[in-house]
Amino acid sequence: MEAVIDTLRLTAEDAQGLVEHKELSPAELHAAYRHAIAQRDPELHCYLRTIEEPVGEGIPIALKDVISTQGVETTAGSKILAGYVPVFDATVAERCKGAGLTLLGKTNTDEFAMGSSTENSAFGPSRNPWDPTRVPGGSGGGSAAAVSAGLAPWALGSDTGGSIKQPSALCGNVGLRPTYGTVSRYGVVAFASSLDQIGPVAKNVRDCALLYSIIAGRDPRDATTVELPEQVTLPTDERLDGLRIGVPKQVDGLTAIEPGVRAAFDQAIARARELGAEVGECDLPLSFEYGMACYYLVAPAEASSNLARYDGVRYGTRVDGSTYREMVERTRDAGFGPEPKRRIMLGTYALSAGYYDAFYGQAQRVRTLLIREHRDALDKFDIIATPTAPTVAFPIGDKAADPLAMYACDVLTIPSCLAGLPGLNVPCGLSEGLPVGLQLIGAQFGENTLFRAGHALEQAIGFDTVPTRYR
Ligand code: GLN
């Protein structure tokens, strides 16, 4: 049977149904995605590499290139890892295989997941399927753009300060950054270990929940993981009666939020009210005032330590020198791009003797205050809602020369990451023809609540995830 498969619309759940009822073979499914990739990826550059001959017989998936895959090169978007072929699978890759999922390829990312546009990838930027002159967000722009353009039914990303939520917002996908500790980081290229989390990117909330249920849970190889306190439930809710949603009052004063983004966000909140939610105002003054500063001390500090392992001996690239020291220096100079170098310097400075307490120590104390502030807000509300990103997708090159402008893309996603809380992006409308994302933040282990609310809102909003130019 020659099935006509519209990969732009097919959800993973539907694909699974078709395969189970033998209306479609896994081979046909793969062929359809490979065809879509051949058609659209030369323009979009979502993939750093694709797998030609799929191993296994299941639903396809794309993995961000920070996830180690046995026998498949893993670069984290960096030249310093070029040619590195892991001899083992990250736990999340192993769990995907265990669930019968088949790897389509590895997706593009800002180098070591440092960035908000994928322009920091050493292998060139990805493009936004809604408008290829614009960025797909970052760092997981490759995964988000691939799902949005029908080049994968779903994908995994990693989120340190917004790298799942923000690209999902800019590409019109559903993306979940899970509660810290629910998904194993074993085999994931480390950026900032106290913040990094792996999570799903999908076309809708149910797929997102399904993929989360596959990857979540305790892993003895990552001591920071825990067993989920409750099973993941696939949402069916249409109403939000009794759900308490808090909108931080600081959102009103944030001038960086574009009017079109604000309008779509306000409409989403109005929908939530219509569905029965009780919407009120919450207060996160410290998060908005100090979140960014705190993150840009904690994350680079941890990065400077994590990136010390790239020494020309253990992985990928080596540039020879006459002494060991010279070899290491030359390797690191040639292998790291500007953003990792900037963060290694910032982080090393923040951790150095005499400055440690003033910078890193102070940031840790601020982080504790942000955790408390979020906990207080989530005592009164089930969910905190904000726009996910202050703007829609911006033109490639717009912020590339201005690190602080790039960092500011994450002003709304970073605080809850520092607090270790889960966050879900749900597309909530268009502004200037480009997707706007709604960020729903939950209490620790509150993923099921996010899925319920996200699903009900998604149904009510009726956002079409297929980029206009492909319809
Ligand atoms: N854009 C943020 C940064 O550059 C977040 C990246 C991420 O979540 N990996 O650090």
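With +1 on each Lys and Arg Cβ and -1 on each Asp and Glu Cβ, and nothing else charged, work out how big the dipole of the chain is about its Cα centre, in Debye to the nearest 20. Numbers along the way, then the final one.
Values: 43 positive and 57 negative charges, 160 e Å.
I would put it at about 760 debye.
Could you work out [θ]222 nm for the chain from helices alone, using -39500 (n - 2.57) per DSSP H run of at least four and dividing by all its residues? Round to the nearest 500 deg cm²/dmol. Display every interim value, and only then the final one.
Working: 15 runs with 174 residues, N = 471.
It lands at -11500 deg cm²/dmol.
When you count, for each residue, the other Cβ atoms within 10 Å and take the mean per peptide, how do 161-168, 62-69, 287-294 rank with the highest first?
Numbers: 161-168: 34.2, 62-69: 28.8, 287-294: 20.0.
So the peptides 161-168, 62-69, 287-294, ranked by packing, come out 161-168, 62-69, 287-294.
Using C-alpha positions alone, give me the convex hull volume of the chain per residue in cubic angstrom. Each step should come with its number before you reach the end.
Working: hull volume 62.8 nm³, N = 471.
Spread over its residues, the Cα hull of the chain gives 133 Å³ apiece.
In whole Å, what three semi-axes, largest first, describe the equivalent ellipsoid of region 290-378 built from its Cα gyration tensor (square root of 5 times each eigenvalue)? Show your work: numbers first, answer last.
Numbers: eigenvalues 225, 35, 18 Å².
Square roots of five times the eigenvalues give 34, 13, 9 Å.
For region 187-269, compute Rh as the Kirkwood radius over C-alpha pairs and then the Stokes-Einstein diffusion coefficient at 10 °C and 1.306 mPa s; write the answer in µm²/s, rounded to an integer. Could you put the intermediate results ahead of the total?
On the way: Rh = 16.7 Å.
The diffusion coefficient I find is 95 µm²/s.
Ignoring ligands, DNA and RNA, what accessible area per residue does region 113-185 give at 1.4 Å, in Å²? Before the final figure, lay out each step's value.
On the way: 770 Å² over 73 residues.
In whole numbers, region 113-185 has 11 Å² accessible per residue.
For region 99-142, what D do you get in µm² per second when you plug the Kirkwood radius from alpha-carbon pairs into Stokes-Einstein at 4 °C and 1.567 mPa s? Numbers along the way, then the final one.
Working: Rh = 10.7 Å.
Answer from the Stokes-Einstein relation: 122 µm²/s.
Using all Cα-Cα distances in region 389-452, what percent lands in each 5 angstrom bin from 0 up to the longest?
Bin by bin from 0 Å, the calculated values are 4, 16, 21, 20, 18, 13, 6, 3, 0.
From the Cα gyration tensor of region 319-471, with a ≥ b ≥ c the square roots of its eigenvalues, which class applies: rounded if a/c is under 1.5, or else prolate if a/b is larger than b/c, or else oblate? Display every interim value, and only then the final one.
Working: a/c = 2.77, a/b = 1.47, b/c = 1.88.
Since a/c reaches 1.5 but b/c is at least a/b, the shape of region 319-471 is classed as oblate.
If the viscosity is 1.567 mPa s and the temperature 4 °C, what translational diffusion coefficient in µm²/s does Stokes-Einstein give for region 229-338 when Rh comes from Kirkwood over Cα pairs?
Numbers: Rh = 19.2 Å.
Result for D is 67 µm²/s.
Would you tally the net charge around LYS380, using a Cβ to Cβ cut-off of less than 15 Å, leaving LYS380 out, and scoring K and R as +1, D and E as -1? The partial results should precede the final answer.
Details: positive: ARG244, LYS249, ARG372, ARG375; negative: GLU278, GLU281, ASP283, GLU373, ASP376, ASP379, ASP382.
Local charge sum for LYS380: -3.
Within the chain, what is the number of lysine pairs with alpha carbons under 20 Å apart, leaving out pairs fewer than eight places apart on the same chain?
Counting lysine pairs in the chain gives 14.
Show me 384-392, 190-198 ranked by packing, highest mean number of other Cβ atoms within 10 Å first. Show your work: numbers first, answer last.
Values: 384-392: 25.7, 190-198: 22.3.
Sorting 384-392, 190-198 by mean packing, highest first, produces 384-392, 190-198.
The values are calculated or read from the model by the stated rules, or taken from the named source; none is laboratory data. Fair warning: this is a prediction, and the values are worked out from it, not measured in the lab. Cβ sites come from the backbone with ideal geometry, for glycine too, and all protein chains shown count toward neighbours. Areas reflect the complete protein model, heavy atoms only, side chains present, ligands, DNA and RNA absent. Shrake-Rupley method; radii C 1.70, N 1.55, O 1.52, S 1.80 Å.
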